[in-house]
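Single-structure report; data block below.
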Amino acid sequence: MNVNTLSRRTHRWSIGSYFFIAGITFASWASRIPDIKLKLQLNDAELGGILFALPAGSMVSLPISGWLVAKLGSRTVMLIAALIYPLILLLLGNASTTVVLTTLLFVFGLIGNMMNIAVNTQAVAVEELYGRSIMASFHGIWSMAGFTGAAVGTLMISLGLDPLKHFIIIATLMILLAFLMKFGRMPKDAVVGNQPLFVKPDTVLLKLGLISFCCMAAEGTMFDWSGIYFQKIVEAPPGLVTLGYAAFMGTMALGRFLGDGLVLRFGRKEILQGSGILIALGLLLAVFIPTLVFATIGFLLVGFGVSSVVPIVYSQAGKSEKMSAGMALAAVSSIGFFGFFIGPPLIGFIAEAFGLQWSFGMIALLGFGTTILASFLKNE
């Protein structure tokens, strides 16, 4: 199918639907972490150790995903990943031992990041059709899907449905959506040809990767530990345990839909600096005033804080003149995902030794690193 056969709006809606699939699949898992933790009778340190598996799978996937996208094209890799990713939810919902859960989380991270690289490569191609920044809106769809997943998770818990039944519903709908929207995939990536398996990022990509690292440490913490924080520290009622996660995902989605306009008005550097401040303020508010109202407000601020960072970083990386969009995204993500890799598991170990509030305070300081590192970027 030729690029000109379909309108750019059709391509945008199609690729946006794959962002939705990725977002709601991950959020569905995240919304049921407290239930699975309880089912397997895990303490904070044990959960932290198990959670290493997911970002570890993502890290292993990064160079492989970039290479596969360069070889097969992002449209093919994206569709395959979009079909497998929701299916893994079914296995996660049925996991009965820590070994099985750890193994499945590794595969979940691997396939999830394969989809991440492919769908963002497709988004860069759609952005080229528009000739302006639209990347934040794609990530807004991912966040909206995450908010939807958190809300659905809350509903499923209130209805008394176990994670497996919940995941069956999500997987069925998302696989159907992947098939329905495959016609609108972009036919070609911006750059094709032979690519090396491992890529060393240049100075620009390194800076972008380090900014992503700080942001994704906070983002990963919110994904994996917001429910536990509201359960243990805030002591929220059972039906409101996912409130913090829903608040975070809601403002992250809103911030991303506003992000393209904010970047045009204030500039990338200024938005990144403000983002780090919001991340730190939000987490510290939840740490020092851990009540239902103030913790929720804090998580709302964190959502706004992280909303624009990854879209800005990915959009810039995808325009690299040194390598293909897929390989550049993989290179930056390799650095950024160390934050995802280190943050959530480290929370568990620090929480077990000193308390969950101390660990969230540490992530607040790391989140502020986004502000510091952004000062080294050129003004645009």
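The values are calculated or read from the model by the stated rules, or taken from the named source; none is laboratory data. The structure presented is a predicted model; accordingly, all values stated were derived computationally and were not measured. Every residue, glycine among them, receives a Cβ derived from its backbone with ideal geometry; neighbour counts consider all protein chains shown. With ligands, DNA and RNA removed, areas are computed over all heavy atoms of the protein, side chains included. Shrake-Rupley method; radii C 1.70, N 1.55, O 1.52, S 1.80 Å.
Per-structure values
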{"item": "Net charge of Cβ neighbours under 13 Å - reference GLY49; Lys, Arg +1; Asp, Glu -1", "result": "-3"}
{"item": "Kyte-Doolittle at least -1.0, axis length at least 24 Å by Cα - qualifying DSSP helices, the chain", "result": "8-31, 53-72, 74-93, 98-130, 135-158, 163-180, 203-232, 243-266, 268-288, 325-354, 356-374"}
{"item": "For the stretch 57-154: relative contact order, % (alpha-carbon pairs under 8 angstrom, 6 or more apart)", "result": "38"}
{"item": "Computed lengthening from GLU352 to ASN94, 0.36 nm per intervening residue step minus Cα-Cα distance", "result": "90.2 nm"}
{"item": "Length gained when the stretch LYS322-GLU235 is fully extended (0.36 nm per residue, less Cα-Cα span)", "result": "26.3 nm"}
{"item": "Most to least packed among 244-254, 47-57 [average Cβ atoms within 10 Å]", "result": "244-254, 47-57"}
{"item": "Rounded D (µm²/s) - the stretch 101-165, Kirkwood Rh over Cα pairs, Stokes-Einstein at 25 °C, 0.890 mPa s", "result": "172"}
{"item": "Cα-based convex hull, the stretch 249-317, per residue volume (Å³, whole number)", "result": "72"}
{"item": "Calculated FRET efficiency for the pair ILE64/LYS188, C-beta based, R₀ 25 Å, to 0.05", "result": "0.75"}
{"item": "With every protein chain in place, the stretch 254-367: carbon and sulfur % of accessible area (1.4 Å)", "result": "75"}
{"item": "Kirkwood-based shape ratio for the chain, expressed as Rg/Rh from alpha carbons", "result": "0.95"}
{"item": "Dipole magnitude of the chain about its Cα centre (Cβ charges: Lys, Arg +1; Asp, Glu -1), debye to nearest 20", "result": "980"}
{"item": "Spin-label pair LEU155/THR5, simplified geometry with 7 Å Cα→Cβ offset, distance in nm", "result": "3.6"}
{"item": "Above-threshold pairs, the threshold being 28 Å between Cα atoms, out of LYS322/LYS378; LYS37/LYS71; LYS188/LYS378", "result": "LYS37/LYS71; LYS188/LYS378"}
{"item": "Sequence-separation-based contact order of the chain, relative, with Cα cut under 8 Å and 6+ spacing, percent", "result": "27"}
{"item": "Helical mean residue ellipticity (222 nm; -39500 (n - 2.57) per DSSP H run of 4+; nearest 500) of the chain", "result": "-27500 deg cm²/dmol"}
{"item": "Residues of the stretch 295-345: accessible area per residue with a 1.4 Å probe, Å²", "result": "24"}
{"item": "Rough spin-label spacing in nm, given labels placed 7 Å along Cα→Cβ, for LEU72 and GLU270", "result": "4.4"}
{"item": "Gain on full stretching of the segment that runs from THR172 to LEU292 - 0.36 nm per residue minus C-alpha separation", "result": "39.8 nm"}
{"item": "Fraction in percent of alpha-carbon pairs per bin - 10 Å, the stretch 199-311", "result": "15, 44, 28, 11, 2"}
{"item": "P(r) histogram, all alpha-carbon pairs of the stretch 265-380 included - 5 Å bins from 0, percent", "result": "2, 12, 17, 21, 19, 13, 9, 5, 2, 0"}
